[in-house]
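To start, the structure itself, in structure tokens.
Every read-out reported here was derived from the displayed coordinates using simple, explicitly stated rules and does not represent laboratory data. Model, not experiment: these values are computed from the prediction. All Cβ positions, glycine included, derive from the backbone under ideal geometry; neighbour counts span all protein chains shown.
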Amino acid sequence: MSRPVLLEAAAVVPAEVSHVWQALLDPHRWVFTLPETAPARLEELQQLDETFVRVGDRRRCAAIIDGLPIVGRRRLEWEEQVTDVDAERTLEIESVPAFHAIRRWRLRFRLVPHGAGHTRLRCELSYRPVSLSGWLADRLVLRRRVATAAQSWVANLAASFAPVEEPALVAEPAEALVAA
């Protein structure tokens, strides 16, 4: 049996831990945090339980992976469940066993206060290919695409909290206002 693949992504989010925690629990944020052009992206999240904050809560997911050798674009569907929660500190999600090239994976988010009003968000993803074709796909393209998607997702989540800069208004000179 092969060793598990371990990938990590991290970012400093310009928001309090409580706001980042709420973003992790918001299914709409998950889907819209990766751009349409991302090589791997979530397409759909559907909660199967009332919430997704307690151990055992489940949801159904779908993702698109583009540019795979031979098959090109592929849509994957799976169910996942919360396996560990420490509110505003840790959220761990694990796939429910399925019949894909990667049957089980685990995703752990850790949130740590980082200076005034900032949060360090760390994403740890582990999975194990279960077949020769899964191992080969992982080595050739999947690992790179998943790592890129994870880092992009974390970076885009952080950027979504960045203050929006308003364009500077050009003030008219006082004489022009008086003349009008």
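For segment 60-66, what does the Karplus curve 6.51 cos²θ - 1.76 cosθ + 1.60, with θ = phi - 60°, yield as ³J(HN,Hα) per residue in whole Hz, taken in order and with x for Gly and Pro?
Running phi through 6.51 cos²θ - 1.76 cosθ + 1.60 with θ = phi - 60° gives 9, 10, 9, 9, 10, 10, 9 Hz.
With a sphere of radius 13 Å drawn around the Cβ of C123, what net charge do the other residues whose Cβ falls strictly inside it have (Lys, Arg +1; Asp, Glu -1)?
Charge balance near C123 sits at +2.
Would you tally the net charge around T51, using a Cβ to Cβ cut-off of less than 11 Å, leaving T51 out, and scoring K and R as +1, D and E as -1?
Value of the local net charge: 0.
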